[in-house]
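The values are calculated or read from the model by the stated rules, or taken from the named source; none is laboratory data. Note that the structure is predicted; figures quoted are calculated from it, not measured. Every residue, glycine as well, gets a Cβ built from its backbone with ideal geometry; the counts of neighbours run over all protein chains shown.
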């Protein structure tokens, strides 16, 4: 059975998602990226939200889909916001892992950056 993406997200849903995403980005201390959060169809079909970015410009684009496959409720909006903020946390590692020319040192540095961020949040 094919998924139906006919639940429309509202401006209020978007603002809630955006606020929650920004909360998690602050929690993670991810303030060295230029982050744009928009209410538009993502580049990948079948996603409630997507995150993409570039290392060169430290730019992140988070797209919140105007249509969902389920009724957007606060719990699902919070889950989506947490997910996308965590994608930002992992994006450096993900981009390097996708790169055919990433060095072992670059991957190690990216991984350690994630570990340090989690340490700063959970241990300090």
Q.
With the requirement that a residue be touching a residue at least 40 places away in the same chain (Cβ under 8 Å), surrounded by 18 or more Cβ atoms within 10 Å (Cβ to Cβ) and touching a strand residue (DSSP E or B) at 6+ places or on another chain (Cβ under 9 Å), what does region 78-99 give you?
A. 80, 81, 84, 85, 88, 91
Q) Which of the residues that make up region 42-68 are within 23 Å of residue 7 (Cβ to Cβ), loosely packed, with under 14 Cβ neighbours inside 10 Å and touching a strand residue (DSSP E or B) at 6+ places or on another chain (Cβ under 9 Å)? A) 43, 44, 67
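When region 42-61 is examined, which residues are found to be over 12 Å from residue 88 (Cβ atoms), part of a loop (DSSP other than H, G, I, E, B) and at pLDDT below 95?
42, 43, 44, 45, 46, 47, 55, 56, 57
Results for (1) in contact with a helix residue (DSSP H, G or I) (Cβ under 8 Å, 6 or more places away or on another chain); (2) part of a strand (DSSP E or B), shown as yes or no for each residue.
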| position | (1), (2) |
| --- | --- |
| 12 | no, no |
| 36 | no, yes |
| 71 | no, no |
| 78 | yes, no |
| 81 | yes, no |
| 86 | yes, no |
Q | Pairs with Cβ under 8 Å, 6+ apart, first in region 20-35 and at positive phi and in contact (Cβ under 8 Å) with a residue 12 or more places away in the chain, second surrounded by fewer than 17 Cβ atoms within 10 Å (Cβ to Cβ) and in a helix (DSSP H, G or I) | A | 29/117; 29/120; 29/121
